[in-house]
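The structure under discussion appears below in the form of structure tokens.
The values are calculated or read from the model by the stated rules, or taken from the named source; none is laboratory data. Remember, predicted model here, so these are calculated numbers, not experimental data. Here Cβ is always computed from backbone atoms with ideal geometry, including for glycine, and neighbour counts include all displayed protein chains. Ligands, DNA and RNA are excluded from the accessible area calculation, which covers all protein heavy atoms including side chains. Shrake-Rupley method; radii C 1.70, N 1.55, O 1.52, S 1.80 Å.
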Amino acid sequence: MSFLEGALLALTLTLPFAVYRLVKGPTLPDRVVGLDLITSVAVAMAALYALLSGQTAFLDVAIALALFAFLATLGLARYIEYRGHKGD
């Protein structure tokens, strides 16, 4: 097993913990962190798979997923920030 395969396996083993944090919460910011962790692990897995397989298309997938995750995190952070300010 090469180093890249071991790193891919380690990232795969972190996913259940991130899903647990996403499902159990207990608060909305905890769920946002869980979702952000899942997308970060998915980006890393796509990049590692691109290195292992030599297919550069997976790097495009990783870049698009990272952009989507960044925008989703910004949107959820804005929602958390302003959800208590209904009168403004």
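Under 1.5 on a/c is rounded, so check that first for the chain, then, if it is not, pick prolate when a/b is larger than b/c and oblate when it is not; a ≥ b ≥ c are the square roots of the alpha carbon gyration tensor eigenvalues. Oblate is the answer for the chain, as a/c is 1.5 or above yet b/c matches or exceeds a/b.
Can you give the accessible area per residue of the chain, in Å², using a 1.4 Å probe? It would help to have the intermediate numbers written out before the result.
On the way: 6260 Å² over 88 residues.
On a per-residue basis, 71 Å².
A DSSP coil position with no more than 15 other Cβ atoms inside 10 Å describes the following trypsin sites (Lys or Arg not before Pro) in the chain: Arg83, Lys86. As a length-normalised measure over Cα pairs under 8 Å and 6 or more apart, the relative contact order of the chain settles at 25 percent.
Got a sec? What order do Ile38, Ile63 fall in by accessible area at 1.4 Å, biggest, i.e. largest, first?
Ile63, Ile38
For helix 3-24, what angle does its Cα long axis make with the longest principal axis of the chain, in degrees from 0 to 90 and rounded to 10? The answer is roughly 20 degrees.
Magnitude of the charge dipole for the chain, about its Cα centre and with charges confined to Cβ atoms of Lys, Arg (+1) and Asp, Glu (-1), is about 320 debye. In the chain, a dipole from Cβ-located charges (positive for Lys and Arg, negative for Asp and Glu) runs towards its positive end, and of Leu15, Tyr79, Met1 it is Tyr79 whose Cα lies farthest in that direction.
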